[in-house]
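Below is one structure, written out as structure tokens, with a few remarks after it.
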């Protein structure tokens with residue numbers, strides 16, 4: 001999945017989906033959903049400081065899942081990417097590189113991929129990883145009994161995958177084991193992004209014995225292949241990852257990762273030396289930017305995420321089945337005012353879908369800018385001009401009864417003042433929110449963001465807006481957009497592919513399938529001076545093995 005995640009940017013809470021969607025990025029988490037006191041270390045079993053390597057402490061949230069086949073959010077992805085691995089991976093420069101596959105060949109027609117598994121690839125218990133392990137793992141992800149919300153999205157290019165996903169077969173015909181070290185995957189057409197798709201957890205390898213013997217609780221004792229082992233998970237308290245010494249890795253890196261799940265104010269925890277990294281929010285930004293402030297020496301400015309936060313509409317439900325009504329809501333929001341006055345320019349107003357710096361981003365895109373007169377005109381021309389007969393509008397957000405964020409409150413007030421449109425807010429617990437979102441139950445939904453899983457516009461536009469996509473939670477449908485996206489999938493010319501995606505994006509924006517809200521601006525992060533090698537990347541990739549503690 002992409003990611004869904006709860007990214008806490010100052011007072012604005014956005015959840016990044018697949019991994020697009022999620023619940024928390026620790027380095028930018030400034031205000032925790034659970035406003036609890038920090039974890040009392042005296043009440044839990046102490047962690048023995050390792051003799052070498054050191055400990056990296058961070059804030060996190062309880063992951064909805066640790067099963068790679070079920071991952072559809074960035075909170076889960078941030079752990080799963082370190083404990084499991086696949087054939088290929090993205091490095092911290094977002095370049096594709098070998099992981100458990102040492103090499104691969106692609107047929108002349110671009111549809112057959114032959115992977116050679118590393119001879120030293122092994123699970124954490126020392127058992128060798130084989131091509132058969134990959135075949136079983138991918139077929140398990142596709143099996144309808146697994147109930148993966150993202151299998152179709154990330155595996156549907158493989159020949160025969162849909163037969164398994166839809167229950168017509170038990171094996172994927174397009175995956176063949178040539179021998180223990182050789183795996184062959186055949187896809188339905190040449191697609192430039194296919195290898196990048198294999199970096200998503202649906203293609204990660206699992207230990208069949210581990211999964212089958214562990215039953216429904218198999219993730220309590222994970223036998224993974226990643227750079228870290230899951231040493232401990234206490235729900236609501238902490239997750240501890242321990243470095244996996246496979247005999248080949250650089251053992252100068254950090255030995256333990258301790259993720260605090262108990263909540264609390266991350267800035268206070270950072271200043272109390274309870275965590276080693278934190279984002280900086282509105283309340284502390286001026287202080288930290290002061291050169292005379294000691295913390296200023298620990299300040300790092302990170303590049304923006306490849307992500308977007310948005311308000312989604314179910315275009316099959318009234319009143320959002322009317323394009324003019326959706327357009328009216330877009331034109332009634334003064335995003336620049338909110339970004340400047342409410343969010344202190346920590347975000348950039350979004351009028352398109354693809355983030356700045358991302359492949360295919362179009363700075364000339366014609367967005368639906370703030371225009372209250374046009375908004376009123378479009379509302380009057382829509383099927384729902386009258387507040388007395390207009391259907392009740394409910395926007396669902398993840399949460400437990402707390403604030404929905406100042407930006408959202410301002411947006412609701414703008415809709416009321418400019419258009420006379422009244423909107424109710426419904427809050428739903430995160431795991432339930434994800435489940436209902438995947439079942440397209442919401443009339444409208446917010447508090448969400450989409451973060452890239454791999455650097456290709458297909459990962460945003462096709463996955464989120466094609467009529468047949470399982471992650472098209474707004475059920476948006478436009479035959480012309482579908483055709484353009486389908487042509488872009490198989491177009492071999494990289495320049496022409498980008499043009500097609502930009503054409504599709506322009507149509508999606510004009511159809512007002514969403515209210516795009518914010519792209520992240522530069523992110524202010526504090527990192528302890530003894531933490532070395534931590535890369536601030538615009539999307540989640542395995543990177544904790546590069547961290548060193550030098551006290």
Original post:
In percent, how large is the relative contact order of the chain, given Cα pairs closer than 8 Å and 6 or more residues apart?
Top reply: 22
Original post:
Using the beta-carbon distance between residue 120 and residue 217 and R0 = 41 Å, what value does 1/(1 + (r/R0)^6) give for FRET efficiency, to the nearest 0.05?
Top reply: 0.85
Original post:
residue 52 to residue 499: extension gain in nm, 0.36 nm per residue of separation minus the Cα-Cα distance?
Top reply: 155.8 nm
Original post:
How big is the Rg/Rh ratio for region 408-546, C-alpha atoms only, Rh by Kirkwood, two decimals?
Top reply: 1.03
Original post:
Going by the alpha-carbon gyration tensor, a ≥ b ≥ c the square roots of its eigenvalues, is region 109-156 rounded (a/c under 1.5) or, if a/c is not under 1.5, prolate (a/b greater than b/c) versus oblate?
Top reply: oblate
Original post:
Computed over the Cα atoms of region 88-212, what is the ratio Rg over Rh, Rh following Kirkwood?
Top reply: 0.94
**OP:** Consider the candidate values (1) 32; (2) 40; (3) 28; state which one is percent of Cα pairs over 38 Å apart computed from the structure displayed.
**Re:** (3)
Original post:
When the chain is fully extended, how far beyond the present Cα-Cα distance does residue 94 get from residue 232, taking 0.36 nm per residue of separation?
Top reply: 46.7 nm
**OP:** With runs of 4+ DSSP H residues as the only contributors, calculate the mean residue ellipticity of the chain at 222 nm using -39,500 (n - 2.57) per run, divided by the residue total and rounded to the nearest 500.
**Re:** -6500 deg cm²/dmol
Original post:
Counting DSSP beta bridges in the chain, what percent are antiparallel, to the nearest 5?
Top reply: 75
Original post:
If R0 is 45 Å, what FRET efficiency do you get for residue 108 and residue 532 from their C-beta distance, rounded to 0.05?
Top reply: 0.50
**OP:** Would you mind calculating the relative contact order of region 88-212 from Cα pairs under 8 angstrom and at least 6 residues apart, reporting the percent as a whole number?
**Re:** 29
Original post:
How far, in nm, would the chain grow between residue 283 and residue 371 when pulled straight, counting 0.36 nm per residue and subtracting the alpha carbon separation?
Top reply: 28.5 nm
**OP:** Give me the distance between the Cα centres of region 405-479 and region 163-233, rounded to whole Å.
**Re:** 29
Original post:
With labels modelled as points extended 7 Å from the Cα through the Cβ direction, what inter-label distance (nm, one decimal) is found for residue 510 paired with residue 295?
Top reply: 4.8
**OP:** Set the Förster distance to 35 Å, then compute FRET efficiency between residue 177 and residue 429 from the Cβ-Cβ distance, nearest 0.05.
**Re:** 0.25
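Values quoted throughout were computed directly from the atomic coordinates according to the rules given, and no laboratory measurement underlies them. Only a predicted model underlies this, so the values are computations on that prediction, with no experimental measurement involved. So basically every Cβ, Gly included, is an ideal-geometry build from the backbone, and we count neighbours across all protein chains shown.
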